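Below is one structure, written out as structure tokens; comments come after it.
The values are calculated or read from the model by the stated rules, or taken from the named source; none is laboratory data. Small disclaimer: the values here were computed from a predicted structure and weren't measured. In this analysis, Cβ positions are derived from the backbone assuming ideal geometry, glycine residues included, and neighbour counts consider all displayed protein chains.
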Amino acid sequence: LLLLLSAIHVLPAARLLRSSRGRSLFTELPKLSVAIGSDDFDLNRLTPLLKAALADTPDDSEIWEEVSQVVAESTPPPRLIASSLQQTPWLHNTSGFANSSEYRRDVDRVLKQELGPLYVGLRRLPEVFFGRVPGLDAASQVVFTKCVEGNDPLFCGGWTGWPKDANQDSVLEWFSSISQKLASFTEEILPAPTHGRRPLAQPNQPILDSTAERKLDIGFVDDPNALKDTRLHWKHILVPGELKSNPSADTKSKAWLDLGRYAREVLAAQDTRRFVLGFTLCGSFMRIWEFDRLGGIASDKFDINEDGLRFVFTVLGFLWMDREALGFDPTITTQGSRRFISITRNGQSERLVLDKRMKRAPCIAGRATTCWSVHREDDPQTSLVVKDSWQYTEREEEGELLKTATESGVVNVARYYHHETVHVRGEVDDVSSNIRGNLNIREASNYRADQLVQPGSSSAVDISRKGRSSIAAGKKRSSSQTDGPLPPNKRSCSTSPTKASPPALPNRVHRRVIVRDSTSPSALLAALGDCHRSLRERVSLLHRDVSANNLIIGEENGFLIDLDLAVKEQREDGKTAFMAIGALLGEQHSFMHDLESFFWVLFWICIHHNGPGESKFDKWNYVDMEELAKLKLGTIGKETIFLRTMANNSTSFFEPLLPLLNELRKVVFPKDRPWEREDEKLYSRMIETLLAWPTGRE
């Protein structure tokens, strides 16, 4: 083992690649070698690395991925500046990309971290998801029997026409053809519908709607008349698929993440989608996948040329599933061109008409917030906003926080109307039970308990952000950037990297909050008013997530619309591009950080709101926290540098605001550096600066 690590340590790539905590592997590997020598080190942690290194055809990317993982698991993280008891560690999430364009290399890097461990080998997964299709077992038996009958059977020790070399183009053509034949068999034998869909292969045709170009190998689409040259949108993709000619590509770094990219696009484009089913076919080995707000899980793999019946079962399942079984939200109904949500408020039933989608977080794992502007069917003149999200079950309901804020007379926070936990099939709509049917990820063939609590591990479950950890036994790590830490009585996590107790499995629940106030973001400066101050002073709440997406600007005033992350004067959260410098460095969260975040929101809008086009600031979405703090310090640390930076990078539309932004910089960063003491008068000085700016100069 030590010889292997020594050999890896001297490779040039070790100086270039970073661990999941953001440090170079060249720096981290010696610490791992020391840890291996301790009596309590679990050598089983090195098993995946050894398997990858000793494989018949080693995959460099997989080996380096395992090196990064074992380094993060086995080396202690650095100490925090402030106590972590009430601090929220950070994790990147693709919904937090704060720019007007997204690039595949950036999204892919962060998506890998967002999804974290992708659990495979769950044998009950097909039973859970395909079991929702009535009559599928019997129909599959009948169709497969027809496939093996006759003088020229479709299946005889394997599928007729299967490309021996599993060439991608040949497999795509074969898969599309065999799926059509299976569908035609069902039409001859059974009256079961196929819900107007078909399999379609378009490996060279970019799918519309995504800024970062994506091409889908194959999938089941909702247009039965679609052809190879039909231009499709992600809204048409029901079941994405990923094909690889080599069976060894059945790994996270290859087929699994490729399919995850497609699932993210589908979830982003289809605003009523709760989860996405998909499949990978590596050589002749197939897996069924499911992606939801906790991440991705998959079945065991099977050889379609050995288990023909299971292949028939899978294809017919995808063809016959109704929309709910495919992951669409049955609580949002459609009549003609209108969509509705029904609620019970104050004992009375109300039907809300969805007017338009305002926001849909483009992520897989996380809160996945969606906002619609709606109105009551019997009151078209009154505009409401429905906020739909997936919260950790341990978190306090946002609706209760918003209700408290409204009852306390807080100004410029969207006023409470109603909140509820969504129910599907008469049960609470959560991921673990309602969606996954109580599948136990501990039964996955690649399950490792330490992945759930690992610093820098890449899921939106109970893990901590790069370079942060508890500094005393019994102090907990929190979840991702999308949720604050759970209450201490729910769980704790040992700081020992070798003796951590198994964590509780995470779960998210589907909730809705309905508020009264909304208009479009058109008057930016009005958002920098009294909303945050009122929230803090009246109910002692800090917002913690001041960002462009959480400012809805009314005709007269700005509104904070997102109270998911509001806390009682304690923790921190938000999106890294908008975070205060001190928050990036681990300082205990303060209202001062929120005020600084307002500055960074305005800065970001000025340099990004010009449509697609890469900016050097885009890397602020994913760089290490400490590096981002240095970048921000360099941006505001000298007036001449700041003015030159803004002049070279701002959009023409916002150029008139640059002098104002510089004046605001002087207020927020006195003496060209971050604040050192809390200043209650900073609110009023910022507002005075904004109000003193003549509107005619915009």
For this session: Could you figure out which of (1) of a type outside the set (Asp, Glu); (2) under 30 Å from Ala504 (Cβ atoms); (3) at pLDDT 90 or above isn't true of Arg367?
Result: (3)
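The rows are residues; the columns are (1) in a strand (DSSP E or B); (2) of a type in the set (Val, Ile, Thr).
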residue	(1), (2)
Leu319	no, no
Pro330	no, no
Phe340	yes, no
Met358	yes, no
Val386	yes, yes
Gln391	yes, no
For this session: For Gly278, state whether it is at pLDDT 95 or above, out of contact with any Lys or Arg (no Cβ under 8 Å at 6 or more places or on another chain) and within 21 Å of Asp222 (Cβ to Cβ).
Result: yes
Seminar exercise, completed: Screening Phe302, Phe285, Phe313 for residues that are in contact (Cβ under 8 Å) with a residue 60 or more places away in the chain and not β-branched (Val, Ile, Thr) leaves only Phe313
For this session: Of all residues in segment 148-192, count the ones that are surrounded by 15 or more Cβ atoms within 10 Å (Cβ to Cβ), modelled with pLDDT under 85 and assigned to a loop (DSSP other than H, G, I, E, B).
Result: 2
Problem set entry | Verdict on Ser342 being out of contact with any helix residue (DSSP H, G or I) (no Cβ under 8 Å at 6 or more places or on another chain), within 30 Å of Phe130 (Cβ to Cβ) and small (Gly, Ala, Ser) | yes
Exercise. Would a scan of segment 259-268 turn up a residue that is surrounded by fewer than 20 Cβ atoms within 10 Å (Cβ to Cβ) and modelled with pLDDT under 95?
Worked result: no
Exercise. Got at least one residue in segment 318-327 being surrounded by fewer than 22 Cβ atoms within 10 Å (Cβ to Cβ), at pLDDT 95 or above, touching a strand residue (DSSP E or B) at 6+ places or on another chain (Cβ under 8 Å) and not polar (S, T, N, Q)?
Worked result: yes
For this session: Please verify whether segment 244-252 includes one or more residues that are surrounded by 23 or more Cβ atoms within 10 Å (Cβ to Cβ) and part of a loop (DSSP other than H, G, I, E, B).
Result: no
